[in-house]
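Taking it in order: structure first as structure tokens, then the write-up.
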Amino acid sequence: MQPFTYTSPRSAAEAIAAFGRAGAGASYIAGGTSLYDMMKLDVARPRHLIDVTAIEGLDGIDTDGAVLRFGALARMSDVARDARVLRDYPVLAESLSKAASQQLRNMATVGGNLLQRTRCVYFRNGTGNPSAVGVYPCNKREPGSGCAAIEGIDRGQAVLGQSAACTAVSPGDWPVALVALDASVEILGSGGSRTLRVADLYRAPGTTPHLEFALSPGEIIVAITVPKTAAGRRSTYHKIRDRESYAFALASAAVALDLAGGRVRRAHVALGGVATRPWRAEAAERMLAGQRLTAETALAAGRAALTGARAGRHNGFKIELAARTVADALMIAMERNA
Ligand SMILES: Cc1cc2nc3c(=O)[nH]c(=O)nc-3n(C[C@H](O)[C@H](O)[C@H](O)COP(=O)(O)OP(=O)(O)OC[C@H]3O[C@@H](n4cnc5c(N)ncnc54)[C@H](O)[C@@H]3O)c2cc1C
């Protein structure tokens, strides 16, 4: 790990100014559960850390206003156990409580979660990784070096949204639930404030997979907002993984249902664990509109959610797994009391 300086500003304006002064090599840090990991693996090499956790007023949880508003510094565990979120938006609470471990959730922030980097083993194969066997090429880690995953062990890689340069999966659970519910992020930078849909925060890998987020240098996420919807009560985050706890998704589905007279008025469906970005499944949503939800229509919607999926050598199982994950999630959500 290379040496770095550390500052802990008290306001967002101070943090942005500190980032501007530090220039190249500056990085914000919040809970540190992702970034310190990357630094120890020698995958991230920041020269100046700007710790945002002392900034006041960025850790609030407000469920009383016109929208749900989560300060970027709210801890994952605090949002996951908020009584109103649990009752009215179980998809949000479950996406957080099924992520990482309790200790990590107590440290990690909901803003930092959005910007965590992929768990692709080839990407994490920096020189600091004690289990590294040589250093594999990775376009995300070293732009232009190639992608070892494409010809390598690709069991965990994406089946949706991949490019010739990168097949790495977007790892977070919470962004999948946020994308399903049309959430946005409030961003502050030296040029002022702006709002971005969470779906648009993630860039397609294309030929530049190292450029992952639609943020300019020095921009800070201050809050996440979620439109209120009656569909929130009939919602769930269904996550399938190799072990039932403390593991990233092989496939996951965030769904929320607005039902009227036994038929779907509006369905929200997004996929995790299978795509290079949190993946909104619009074809499934369209297919469900006006339908009576049965095991058959749920599975048809699950299959529609995987439209365009392409398997590599070892990850073909993910296509059927994800379709069934969506189908199961729809049935779970339907049974919930609105
Ligand atoms: C063993 C392990 C298992 C895990 N399992 C899961 C899992 O199953 N599901 C899951 O979703 N996650 C999982 N995680 C990831 C964990 O949820 C993230 O590490 C965590 O959410 C990151 O939040 P943080 O506050 O610690 O971010 P940090 O590590 O502090 O920062 C992460 C990134 O975000 C940037 N950043 C942070 N806050 C801001 C801000 N407000 N504005 C702009 N930039 C910012 C930082 O510069 C950095 O690039 C796991 C992590 C570990 C270590």
Give the peptides 273-281, 292-300 in descending order of average Cβ contacts within 10 Å, highest first. 273-281, 292-300
Let me know the volume per residue of the alpha-carbon convex hull for the range 232-335, in Å³. 96 Å³
Helix-derived [θ] at 222 nm for the chain: sum -39500 (n - 2.57) over DSSP H runs of at least 4, divide by residue count, nearest 500? -7500 deg cm²/dmol
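For the chain, what is the convex hull (Cα atoms) projected area averaged across all directions, in square nanometres? Write down the numbers at each step before the final one.
On the way: hull surface 65.7 nm².
Result: a mean projected hull area of 16.4 nm².
Every number in this text was worked out from the coordinates using simple rules, so none of it is lab data. Small disclaimer: the values here were computed from a predicted structure and weren't measured. Note: ideal-geometry Cβ built from the backbone for every residue, glycine included; neighbour counts use all protein chains shown.
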